[in-house]
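Some notes on the structure that comes next.
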Amino acid sequence: MSKSIYIFIIVFLYSTLNISASEKQEVSDISKYKQFGLVWGLLKYHHSEVSNGKYDWDQVFIENIDLLGAIKTQKDLNTFLFNFISSLKESKIKRASEKEGLLKNNYDYKWINSYPFDESLTKKLEALRDNTNINDFYVSTGRLSNIPTFKNEKGVKEFDYKIKSHRLLLLFSFWSCIQYHYVNKYLMDDNWYELLDGYIENFIYDHSKLEFEILKSTLIASLDDSHAYYVSPVVNDSLFKYKPSFGVRNVNDTLVITALYNKKQAARDGIELGDQILEIENDDIKTSLAKKIKPILSTSNNVFLKKWTRWLFFNPSDSIKVKIKKKNKTIKTQYLHLYENFEVEDYVSLKSTSGIENKWQFIKPDIGYISLASITKKELDNAFKEFSTTKGIIIDLRNYPKTISEDDITKHIYPERRRFIKVLFPIQDRPSMVQFDEAPLNFIKDPFMSGSRNSDYYKGEIILLVNHTTQSKAEYIGMAIQASPNCTTIGESTAGSVMNIATFTMPDQTNVNFTSLGAFYPDGTGAQRNGLKIDYQVHESTSDFIKDQYIVKGIELIESEKNPN
């Protein structure tokens, strides 16, 4: 017997024995649910007939998931999955030629070849993976927009969190949506596929309503997307029932009491404006945010956690332990009262000494100030007209502009039409694939350029103020302002969720938002999760923050020859 034939026999016998062993090996409940859920999700978004809405796909999941209980081995499971696919009308398969510029940041179908599927099942799954003959019942972009919508996700009418098949449906429905249609999935801290085992294990078991809602909240929080804000009413009414009758501001991880909503209640605890809270329940503020808020509220970055600082006092009981530094510098530990409801009486707050009182005004004879929060297009035009000969303008974007667009500003600060953003968007017939530089609105030639040829554009210094409250539309407008020739950005990282939102309805009719597109600067620097580029960080201190150090720094840069612009 030749050596090559001998090796072939050994390999053949080994593979045969190995396949036989895998077929006889018992398959765990988690593995059964996972394999079925993965196949169900693939069919939903890749099968021509399923993606056309020909089946009540949620009900199909519910009816089949309980049948898995009778399956003991991988061989039986392979047969079940093959028959499950075969029970559907045959999918029309189209393998289109590869488009140029497609990115595979989120492409993840390794599971098809990682499980011991038999050859016939594997071939069916691979054909579906490569299929581009996909209809738009479950996800569509509509006639006018490339932004994904999930309009036919209505939820299950009689969803019951106590029923295992319903809980698992919720998990796989949401997981599959994100797996195939979340452009920014590759930016998540944790690998979405690798999270699945743990979530299946948790969703299998019956929980109280509160436990189920917390589990669902952690699932949503895994997106690491500041747009994916979700607070269950059950969680809110249980864990966040009692609240403080004072307001705070997070200044370098120290909480300064900046507002008293009810002076009588404040006096009950000896609380005064300017007092500083150093610890909550024996944890410093940074640790408290990481432990209490981050696990159940989705945030693109840690700076955005500061937005939820006051939530650190929201509690299931009516008091909370703090370490507090009084205005006279004494430090003590005490309990503060919290309230389910309270009346706002004798409201007082710390006032900024910046002297800003209007939407736009001169803050020095040669320096203008504009807040974008509620300024109108007409007011903006008047402001730039009045500021035309100034040395610089401070534009305050520590807010959410309500009435203006980027074009209303760039017409004043651009010398010519220019691109200010590069966008990554999903492709309907290529689930998991993404591509740069296609307009989200098909009828607009290029919405990611702004301004026009203008020799009279504002030539002074533009100082852009941003912080953790600068989010979404505000970040988009901020990127447009930053593309002006003379812009310097000061502050701290922004929310890191720049583009439009998509909304997905879970089977229990919970609506979950997430950022639908990816945002990049023209040079390729990512803005999703990172937030806007910052030229100068502002490091506030508890001793002088009421001076508004952002504006102080802005004035300094305009007046200083050291300004890099």
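The values are calculated or read from the model by the stated rules, or taken from the named source; none is laboratory data. Here the structure is a predicted model, which means the values were calculated and not measured. Every residue, glycine among them, receives a Cβ derived from its backbone with ideal geometry; neighbour counts consider all protein chains shown. In case anyone asks, the SASA skips ligands and DNA or RNA and just uses the protein heavy atoms, side chains included. Shrake-Rupley method; radii C 1.70, N 1.55, O 1.52, S 1.80 Å.
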Item to check | Single match in LEU260, LEU305 (criterion: modelled with pLDDT under 95 and not charged (D, E, K, R)) | outcome: LEU305
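Here's the yes/no breakdown for (1) among the hydroxyl-bearing types (Ser, Thr, Tyr); (2) under 26 Å from ALA527 (Cβ atoms); (3) open to solvent by 10 Å² or more (accessible area, probe 1.4 Å):
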{"site": "TYR138", "(1), (2), (3)": "yes, no, yes"}
{"site": "VAL156", "(1), (2), (3)": "no, no, yes"}
{"site": "PHE159", "(1), (2), (3)": "no, no, yes"}
{"site": "HIS166", "(1), (2), (3)": "no, no, yes"}
{"site": "PHE174", "(1), (2), (3)": "no, yes, no"}
{"site": "TYR180", "(1), (2), (3)": "yes, yes, yes"}
{"site": "LYS209", "(1), (2), (3)": "no, no, yes"}
{"site": "LEU215", "(1), (2), (3)": "no, no, yes"}
{"site": "ASN236", "(1), (2), (3)": "no, no, yes"}
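Condition (residue is under 30 Å from LYS104 (Cβ atoms) and among the hydrophobic types (A, V, I, L, M, F, W, C)) applied to the range 371-390: is it met by at least one residue?
Step one: filter the range 371-390 for residues under 30 Å from LYS104 (Cβ atoms), giving none.
Within the range 371-390 (the criterion being under 30 Å from LYS104 (Cβ atoms) and among the hydrophobic types (A, V, I, L, M, F, W, C)), the answer is no, since none of the residues qualifies.
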Checklist outcome for this item: Of the residues in the range 305-340 that are aromatic (Phe, Trp, Tyr) and closer than 15 Å to GLU281 by Cβ, the one that is most open to solvent (accessible area, probe 1.4 Å) is TYR335
Checklist outcome for this item: Residue pairs within 9 Å by beta carbon, gap of at least six or interchain, first lying in the range 110-123 and touching a residue at least 24 places away in the same chain (Cβ under 8 Å) and over 10 Å from PHE82 (Cβ atoms), second in a loop (DSSP other than H, G, I, E, B) and open to solvent by 60 Å² or more (accessible area, probe 1.4 Å), listed first then second, are PRO116/GLN25
Item to check | Filtered residues of the range 314-340 (kept if basic (Lys, Arg) and not in a strand (DSSP E or B)) | outcome: LYS326, LYS327, LYS329
Item to check | Looking only at the range 275-304, and only at residues there that are in a helix (DSSP H, G or I) and in contact (Cβ under 8 Å) with a residue 60 or more places away in the chain, the one that is farthest from the chain's Cα centre (by Cα) | outcome: VAL303
Item to check | Restricting the range 240-267 to residues that are open to solvent by 30 Å² or more (accessible area, probe 1.4 Å) and not in a strand (DSSP E or B), the residue that is nearest to ILE280 (Cα to Cα) | outcome: ASP253
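Could you list, in sequence order, the residues of the range 168-213 that are assigned to a loop (DSSP other than H, G, I, E, B) and under 16 Å from GLY41 (Cα atoms)?
TYR182
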Checklist outcome for this item: Only one of (1) more than 23 Å from THR299 (Cβ to Cβ); (2) of a type outside the set (S, T, N, Q); (3) assigned to a helix (DSSP H, G or I) does not apply to GLY155, and that is (3)
Item to check | Checking TYR229 against (1) open to solvent by less than 50 Å² (accessible area, probe 1.4 Å); (2) not in a helix (DSSP H, G or I), the condition it does not meet | outcome: (1)
Checklist outcome for this item: The lone condition ASN202 fails out of (1) in contact (Cβ under 8 Å) with a residue 24 or more places away in the chain; (2) in contact with a helix residue (DSSP H, G or I) (Cβ under 9 Å, 6 or more places away or on another chain); (3) of a type outside the set (Val, Ile, Thr); (4) more than 20 Å from ASN511 (Cβ to Cβ) is (1)
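Say we look at the range 361-393 and pick out the residues that are under 17 Å from PRO485 (Cβ atoms) and outside any helix (DSSP H, G or I); which of these is most open to solvent (accessible area, probe 1.4 Å)? Even if it seems obvious, please write down each step before you answer.
In the first step, residues of the range 361-393 are kept if they are under 17 Å from PRO485 (Cβ atoms); the result is 384, 387-388, 390-393.
Right, trim to outside any helix (DSSP H, G or I) and you get 387-388, 390-393.
Details: PHE387: 0, SER388: 73, THR390: 15, LYS391: 95, GLY392: 0, ILE393: 0 Å².
This residue is LYS391.
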Checklist entry - If you go through the range 129-143 one residue at a time, do you hit one that is modelled with pLDDT under 95, in a loop (DSSP other than H, G, I, E, B) and basic (Lys, Arg)? => result yes
Checklist entry - Among (1) in contact with a Phe, Trp or Tyr (Cβ under 9 Å, 6 or more places away or on another chain); (2) part of a loop (DSSP other than H, G, I, E, B), where does TRP311 come up short? => result (2)
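In the list GLU343, GLU357, which residue meets the criterion of being assigned to a loop (DSSP other than H, G, I, E, B), open to solvent by 60 Å² or more (accessible area, probe 1.4 Å), free of Cβ contacts under 8 Å to residues at least 60 places away in the same chain and acidic (Asp, Glu)? Steps first, answer last, please.
Working: GLU343 fails: free of Cβ contacts under 8 Å to residues at least 60 places away in the same chain.
GLU357 is the lone residue from the list that is assigned to a loop (DSSP other than H, G, I, E, B), open to solvent by 60 Å² or more (accessible area, probe 1.4 Å), free of Cβ contacts under 8 Å to residues at least 60 places away in the same chain and acidic (Asp, Glu).
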